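The values are calculated or read from the model by the stated rules, or taken from the named source; none is laboratory data. Computed from a predicted model, the values in this text were never measured in an experiment. Cβ coordinates were reconstructed from backbone atoms using ideal geometry, including for glycine residues, and neighbour counts include every protein chain displayed. In case anyone asks, the SASA skips ligands and DNA or RNA and just uses the protein heavy atoms, side chains included. Shrake-Rupley method; radii C 1.70, N 1.55, O 1.52, S 1.80 Å.
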Amino acid sequence: FEQYYSWAARGVGSVRFGHRVRAADWDGARFRVVTSQGVHFGRVLVVGTGTAPRVPACAQRLLGPRGFHVSEYLTAPRDTSGRRVLVVGSGQSGAEVVRHLLTAPGELPGELTWVLGRDGVFPLDDSAFTNDWFTPSAVRYFNERTGTERNRLRDVQHYASDGVSEDLAAQIYRRLYELDYLEQPGLD
């Protein structure tokens with residue numbers, strides 16, 4: 001992906017990196033954005049600051065020192081050793097937290113529950129031809145389809161961006177096996 005992003009950025013002459021936005025306003029005809037490196041104008045302004053953490057409304061009240069979004073996992077103070085821990089999420093991020101809890105010194109919970117939004121841990125499709133779906137010609141093809149055709153393509157391509165890498169799933173499976181049968185034999 002890094003190579004793809006580098007290639008794409010080189011092809012778009014207006015891409016700028018390392019600029020801190022100081023101000024943005026609308027002058028009646030266009031947007032004016034002041035950055036640390038200058039002023040830029042445009043008729044359309046898209047704010048893309050990264051994926052915003054999504055916490056369902058029912059869980060909002062649980063956020064705090066003992067409940068947090070995965071985006072805060074490495075910086076949130078936590079004490080999981082020997083405790084009951086619940087991880088919610090069936091994608092790569094949830095799996096990375098589970099692996100970390102199972103392998104980091106001093107982090108091993110006494111009980112770990114992993115709640116998945118699916119019927120299992122599904123592999124991320126990172127096979128050789130999957131990246132072809134993200135080339136300019138494939139994106140153009142996608143955008144030229146009808147809504148029904150795009151929905152069908154999205155269903156087919158779903159696990160190109162949503163799933164768990166096979167290597168990570170294997171690491172978790174291996175670690176669980178070690179814990180169940182090698183390090184603590186006889187425990188259920």
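Within the chain, which is the longest segment containing none of the chymotrypsin sites (Phe, Trp or Tyr not before Pro) that sit in a DSSP loop and have at most 13 other Cβ atoms within 10 Å?
Numbers: sites that count: F1, F17, F129.
No qualifying site falls inside 18-128, the longest such stretch.
Note down the accessible area of V156, probe 1.4 Å, to the nearest 10 Å².
For V156, solvent-accessible area is about 90 Å².
On C-alpha positions alone, give me the angle between the axis of helix 2-11 and the longest principal axis of the chain, in degrees, nearest 10.
Helix 2-11 sits roughly 0 degrees off the main axis of the chain.
Once you keep just the Cα pairs under 8 angstrom separated by 6 or more residues, what percentage relative contact order results for the chain? Working shown, then result.
On the way: 181 pairs, mean separation 27.3, N = 188.
About 15 percent, as a whole number.
Name the GluC sites (Glu not before Pro) in segment 130-188 that are in a loop by DSSP and that have at most 12 other C-beta atoms within 10 Å, would you? Could you put the intermediate results ahead of the total?
Details: sites: E144, E149, E166, E178, E183; in loops: E144.
Within segment 130-188, the qualifying GluC sites (Glu not before Pro) (loop, at most 12 other Cβ atoms within 10 Å) are E144.
Any idea what log10 I(q)/I(0) is at q = 0.17, 0.26, 0.31, 0.33 Å⁻¹ for segment 1-41, Debye with uniform C-alpha scatterers and no solvent?
Debye output, listed in q order: -0.59, -0.86, -0.98, -1.03.
Per DSSP H run of n ≥ 4, the term is -39500 (n - 2.57); total these for the chain, divide by its residue number, and report the mean residue ellipticity at 222 nm rounded to 500 deg cm²/dmol.
Working: 5 runs with 53 residues, N = 188.
That calculation yields -8500 deg cm²/dmol at 222 nm.
Longest exposed-loop-site-free stretch of the chain, with trypsin sites (Lys or Arg not before Pro), DSSP loop and at most 16 other Cβ within 10 Å?
Numbers: sites that count: R16, R20, R30, R43, R54, R66, R78, R83, R118, R145.
Result for the longest clean stretch: 146-188.
Taking a ≥ b ≥ c as the square roots of the eigenvalues of the Cα gyration tensor of segment 31-188, is the shape rounded (a/c under 1.5), prolate (a/b larger than b/c) or oblate? All intermediate terms of the calculation are to be shown ahead of the outcome.
Working: a/c = 2.51, a/b = 1.51, b/c = 1.66.
Oblate is the answer for segment 31-188, as a/c is 1.5 or above yet b/c matches or exceeds a/b.
At 0.36 nm per residue, minus the direct Cα-Cα distance, what do W133 and R83 gain on full extension? Give it in nm, one decimal, please. Could the numbers behind the result be given before it?
Details: separation 50, 0.36 × 50 = 18.00 nm, distance 4.29 nm.
Value of the extension gain: 13.7 nm.
For R145 and F17 in the same chain, what is the full-extension length gain: residue separation times 0.36 nm, less their Cα-Cα distance, in nm? Please report the intermediate quantities before stating the final value.
Working: separation 128, 0.36 × 128 = 46.08 nm, distance 3.25 nm.
Net length gain for the segment: 42.8 nm.
With all protein chains present, how much of the accessible area of segment 1-97 (probe radius 1.4 Å) comes from carbon and sulfur, to the nearest whole percent? Could you put the intermediate results ahead of the total?
Values: 4260 of 7920 Å².
Percent of accessible area from carbon and sulfur atoms in segment 1-97: 54.
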